[in-house]
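> Have a look at this one before I ask anything.
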Amino acid sequence: MEDSWHHLVVRDCLLREDGQELPIILLLGPPGTGKSAMIARIDDRMKAQKHRSPYARVNLRTDGALLPVSEVVARVAHGLMKSSRIRLPRTVFTLHVLALEPGTLPDAVVKKDLDALVEGTGTAAPAFLGPLRELLGLLPQLGALGKFAGEVVGLAFLQKGVVARRLNRKGRKWLTAELSDGNLVKLARIHQAGKSDLPAEVLCQALVTDLRESYARRGRHPRNSLLLLEGAETIGGQDFLKAFGAVKGKHPLVVVATSPIWVDTGGTWARPGLNTDQPHPPTVPEAEYARWLKQWEKNATFWYPVLMPSLPPKVSAQRYAPAIHRLTGGYRQATLDLLEWAGSAPDDDAFRSILDQKAAFSWPDGLLLTHLDELSGWASARNLEDAMNALPSAWNLRDKLAETLWLQHDDELGTVIHPWLCQLLVRRLCEQEWDKVHERLAAFYDDDAAARFRHHLACVRPGDAGERLTSVVAWLDRQFDLLDAHSGGRSRTREWIDLVNLLTTAPNRLPMGVGLEELHDALVVGASAARGDRTMIIRTLVVNRWFWSDPLLDPAQTRRLPIAQCLRDLSYHSVSPAELHREADRYEQH
């Protein structure tokens, strides 16, 4: 796992000593983008430190999705105290108060119950209080041996009074002063009612105050504290982060949380792929503390959403790594799976056959999206705006898709669906639905012939039943007559080349189980006579470039040279051959 997180988490945040605010870092990415692996990598690095600072790792995704904030904070406090010499008496005492169940009991009875909990004699204490009390009661001078003994014999060798004194001297005193009326029982009743954010915010304030006190003595901890929180999207995660963000200020806790969906950041950051005036989240390698600080100074937001990066095109030296990257868009899990299965395939047909046998494009169980039929149609359009205008859909489908982090911004096309999700979605369309979707899209482009014929090309099958390819080629042939000319001293042949390039980005439903040469020959009818027939040259050019545009039809990019040859053959029919030769050079040098 690459260490692109190190500069932000360690250098910029954990080692910062200037007392400035620290962000709540949100690692965002769909399932399979490496969030858990990155958290595990950070966790391993923290465990390997010779001189540890407090850190905790809490996974709410496995069994804590519905936990109340009190139990989330209890897990955080347990991890921080277990990993270091830090003690959190205010936090633990506040947890004692929130563990009360006052119901209709008189205040005096509830106060006695609280005293019993603090003294360690209560009979209805929640399970998480015991381990916290043990850690709070460990004597610093006992060191590791004392910790070991504490684990073996519990509190037998420790006086219960140690815990009670710490809770009362610091915890009770602080909480009583923190509440405007000093009424601890009232806070417990508010917490039991579950209708106010106050108890959660007070608890997080206790945690922050304990941390500040522990770090008040310079040099006690070599680095700031760290919380690794998996499951920021869960109810427990959202409630904790909301409460923690409400009381956050200058304190030494760095929070790194993960989520497979967008987390509300108070409207200060734009969701990926949406074109707004708000700043978009950077990727992990791009993220910097200074960049977040500018946003904080502008909007006072502690949130720092950071996107998990795609794997780079050169992630592997295997033969088909470039084709796989084009298919997956660098989506981590799919890229690694396809590399393992077919990265070293002996040839193009074997590459395709392996992916077909592995059902590489079947819908994964862990990808939970709704409105799949509508999204499958959207994936067939060039961009999201055209899809929304051409195809009927649920009114908020775009927002739902943005929340799942599958949208991207393309400088040329605008908002688009991630390439890998597109691959999965379009393969859900049966042959009949495929044609219906592309017919609707073609009708939408009534005033844009090139875009319309692009969707005609998408419906071409081997042998060109219906002669859709023939109609596409005929239109391009007519456009060649119009554009292969000079206007104002400039050649317009470039415009014709751009039309070809646009048309041949069309998706396809050509069968995976047929050899590539067989597919090619079934479409290029009469290609052997191409040099002397302009229409056949154009047909051959269209088929070759259509194949070249799809990594499943030209995995090794061998169609470059036939494309170049078609362009040079076409130059014999052109009044502006130089433009065609320049385009041919581009393919030959690619």
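The values are calculated or read from the model by the stated rules, or taken from the named source; none is laboratory data. These figures come from a predicted structure and were not determined experimentally. Because the Cβ atoms are built from the backbone with ideal geometry, glycine has one as well, and the counts that use them run over all protein chains shown. These area figures cover heavy atoms from the full protein model, side chains too; ligands, DNA and RNA do not enter into them. Shrake-Rupley method; radii C 1.70, N 1.55, O 1.52, S 1.80 Å.
> Could you give the size of the charge dipole of the range 53-120 about its Cα centre, using +1 on the Cβ of each K and R and -1 on the Cβ of each D and E, expressed in debye and rounded to the nearest 20?
On the way: 9 positive and 7 negative charges, 104 e Å.
So the dipole magnitude of the range 53-120 works out to roughly 500 debye.
> Also: Express the carbon and sulfur contribution to the solvent-accessible surface of the chain as a percent, rounded to the nearest whole number, probe 1.4 angstrom. The partial results should precede the final answer.
Numbers: 13420 of 26460 Å².
Answer for the chain is 51 percent, counting heavy atoms of protein chains only.
> Setting aside same-chain residues fewer than 8 positions from LYS298, which lysines have a Cα under 19 Å from its Cα?
Straight-line reach from LYS298, under 19 Å: LYS248, LYS250.
> Using only the alpha-carbon atoms of the range 291-409, report the extent along each of the three principal axes, biggest first, to the nearest angstrom.
That works out to 55, 40, 26 Å along the principal axes.
> Which percentage, to the nearest 5, of the DSSP beta bridges contained in the chain is antiparallel? Don't skip to the answer; put the middle values down first.
Values: 6 of 28 bridges.
Roughly 20 percent of the DSSP beta bridges within the chain come out antiparallel.
> Just the ratio, please: alpha-carbon radius of gyration of the range 380-528 over 2.2 N^0.38 Å, N its number of residues.
Working: Rg = 17.3 Å, N = 149, 2.2 N^0.38 = 14.7 Å.
Compactness ratio reported: 1.17.
> Enter the accessible area per residue of the range 329-387 (Å², integer; probe 1.4 Å; all protein chains in place).
Numbers: 2610 Å² over 59 residues.
Spelled out: the 1.4 Å probe surface of the range 329-387, per residue, equals 44 Å².
> LEU227's amide H: which non-local residues (gap 5+, or another chain) put their own amide H closer than 5 Å, with H modeled 1.01 Å from N in plane and none for Pro or chain starts?
Those lying under 5 Å, H to H, from LEU227 are ALA56, VAL254, VAL255, VAL256.
> Still on this model: Quick check: residue separation of CYS430 and ARG217 times 0.36 nm, minus the Cα distance between them. What number comes out in nm? It would help to have the intermediate numbers written out before the result.
On the way: separation 213, 0.36 × 213 = 76.68 nm, distance 6.73 nm.
That works out to 69.9 nm of additional length.
> Shifting gears a bit: Working with all protein chains in place, sort LYS186, LYS112 by solvent-accessible area computed with a 1.4 Å probe, largest first.
Values: LYS186 100, LYS112 150 Å².
The residues order as LYS112, LYS186, largest area first.
> Sticking with this one: Using helices alone, I'd like the mean residue ellipticity at 222 nm for the chain: each DSSP H run of four-plus residues gives -39500 (n - 2.57), total over residue count, nearest 500. If you can, show how the numbers build up before the last one.
Numbers: 28 runs with 295 residues, N = 590.
Calculated mean residue ellipticity at 222 nm is -15000 deg cm²/dmol.
> Let me ask another. Could you check how many percent of all C-alpha pairs in the chain are farther apart than 32 Å? Mind showing how you got there, number by number?
Values: 100652 of 173755 pairs.
More than 32 Å apart: 58 percent of the Cα pairs in the chain.
> Give the total of Lys-Lys pairs in the range 1-147 with Cα-Cα distances below 19 Å; include a pair only if its members are 8 or more places apart or on different chains. If you can, show how the numbers build up before the last one.
Working: LYS35/LYS47; LYS47/LYS82; LYS47/LYS147; LYS50/LYS82; LYS50/LYS147; LYS82/LYS147.
Lysine pairs meeting the criterion: 6.
> Determine by what factor the alpha-carbon radius of gyration of the range 542-590 differs from 2.2 N^0.38 Å, reporting the quotient.
On the way: Rg = 11.1 Å, N = 49, 2.2 N^0.38 = 9.7 Å.
Computed over Cα atoms of the range 542-590, the ratio equals 1.15.
> While we're looking at this one, here's another question. Using the Kirkwood formula over every pair of different C-alpha atoms, what hydrodynamic radius in Å results for the range 206-303? Could the numbers behind the result be given before it?
Numbers: mean 1/r = 0.0659 Å⁻¹.
That comes to 15.2 Å for the range 206-303.
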